[in-house]
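Presented below is the structure to which this report refers.
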Amino acid sequence: MKIDLRAAIEETELLLAGLREIDGTDLADEAFSRAARQDRGQVPTRLLYLAHRTEKVRVQVMDAYFSYRERDKGR
């Protein structure tokens, strides 16, 4: 059996790029300008999106695990 994790790997690369993009974000800007509020508002949305990608990778890996397990039972 050949284990195919390409989809999980591609998703993980997108997740890593997103994590690197948000890493080091400075939230100290407490200005009341529209741009500052918008920047602060995007951080929670971005974090939720990254958490979703993490769950997607987890499901893809578990799918590979269960596929292997099912094939292993038949032996």
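Taking the criterion of being assigned to a helix (DSSP H, G or I) and more than 20 Å from Y49 (Cβ to Cβ), the only residue of the range 1-30 that qualifies is R6.
Yes/no matrix, rows are residues, columns are (1) in contact with a Ser or Thr (Cβ under 7 Å, 6 or more places away or on another chain); (2) surrounded by 13 or more Cβ atoms within 10 Å (Cβ to Cβ):
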position: G24; (1), (2): no, no
position: L27; (1), (2): no, no
position: A35; (1), (2): no, no
position: V43; (1), (2): yes, no
position: V61; (1), (2): no, yes
position: R71; (1), (2): no, no
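Inclusion of E70 among residues that are of a type in the set (D, E), over 18 Å from I3 (Cβ atoms) and not in a loop (DSSP other than H, G, I, E, B) is not warranted. Taking the criterion of being under 26 Å from R69 (Cα atoms), modelled with pLDDT under 85 and among the β-branched types (V, I, T), the only residue of the range 1-58 that qualifies is I3.
The values are calculated or read from the model by the stated rules, or taken from the named source; none is laboratory data. Computed from a predicted model, the values in this text were never measured in an experiment. Positions of Cβ are backbone-derived with ideal geometry, glycine not excepted, and every protein chain shown enters the neighbour counts.
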